[in-house]
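Here the structure is laid out as structure tokens; the discussion comes afterwards.
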Amino acid sequence: MKIAKTVFLAALLAVGLACGYSSHATTPATAGTMPAIAALAPDNTNSGGPAFVLTVNGTNFNSNATINWNGTAQTTTFVSANQLTATIAATEIATAGTVPVTVTNPGIAGGQYGGGTMAETSAPMTFTIN
């Protein structure tokens with residue numbers, strides 16, 4: 001009986017180890033591609049004017065990059081890795097002042113065990129509303 005218990009315990013231990021109850025390590029997200037703004041066109045407009053198309057020229061724009069106007073993502077058209085456009089509504093330029101414009105390259109989700117890239121946002125460039 002003692003031998004049967006020992007054999008049973010050894011078999012149970014072997015099955016438990018063979019099932020692979022180990023955890024898989026996750027890989028943290030890595031830095032994404034950092035966009036950079038070189039110029040805004042136009043770089044200013046008059047307050048109370050009509051809606052206009054803002055062109056952002058720079059480098060490292062992903063095809064799904066977004067122009068952020070005063071911190072709010074705008075519907076953005078990808079022209080190239082060096083140029084994006086967005087229509088800025090008349091309500092956004094109703095009052096004189098300055099507005100920060102940035103570009104964000106969204107992150108890319110990782111696989112089953114993590115990975116991917118983080119979202120990256122450019123340094124701001126100032127747009128002036130006269």
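All of the numbers you see were taken from the coordinates with simple rules; none came from a lab. Please read all numbers here as calculations on a predicted model, not as lab measurements. Please note: Cβ atoms are built from the backbone with ideal geometry, for glycine as well, and neighbour counts cover all protein chains shown.
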Residue satisfying all of: in segment 59-68; touching a residue at least 40 places away in the same chain (Cβ under 8 Å) and closer than 17 Å to Pro100 by Cβ; surrounded by the fewest Cβ atoms within 10 Å (Cβ to Cβ) among these: Asn68
In segment 59-80, the residues that are assigned to a loop (DSSP other than H, G, I, E, B) and among the aliphatic types (A, V, I, L, M): Ala65
Among the residues listed as Thr102, Thr126, Thr59, the single one being under 13 Å from the mean Cα position of the chain (by Cα), of a type outside the set (D, E, K, R) and under 16 Å from Ala36 (Cβ atoms): Thr102
Condition check for Thr77: surrounded by 13 or more Cβ atoms within 10 Å (Cβ to Cβ), in contact with a Pro (Cβ under 8 Å, 6 or more places away or on another chain) and among the β-branched types (Val, Ile, Thr): no
Residue match in segment 111-122 (condition: farther than 21 Å from Thr30 by Cα and either without any contact (Cβ under 8 Å) to a residue 40 or more places away in the chain or surrounded by 13 or more Cβ atoms within 10 Å (Cβ to Cβ) (or both)): no
Matching residues in segment 43-58 - criterion: being assigned to a strand (DSSP E or B) and exposed (fewer than 12 other Cβ atoms within 10 Å of the Cβ): Val53
Segment 27-41: number of residues that are surrounded by 12 or more Cβ atoms within 10 Å (Cβ to Cβ), assigned to a loop (DSSP other than H, G, I, E, B) and not hydrophobic (A, V, I, L, M, F, W, C): 3
Residue match in segment 97-105 (condition: without any contact (Cβ under 8 Å) to a residue 60 or more places away in the chain and hydrophobic (A, V, I, L, M, F, W, C)): yes
Residue list for segment 88-110, restricted to those being of a type in the set (Ser, Thr, Tyr), within 21 Å of Asn130 (Cα to Cα) and surrounded by 13 or more Cβ atoms within 10 Å (Cβ to Cβ): Thr102
Cross-chain or 6+ apart pairs with Cβ under 6 Å, segment 38-55 first and closer than 14 Å to Val103 by Cβ, then surrounded by 12 or more Cβ atoms within 10 Å (Cβ to Cβ) and of a type in the set (Phe, Trp, Tyr): Leu40/Phe127
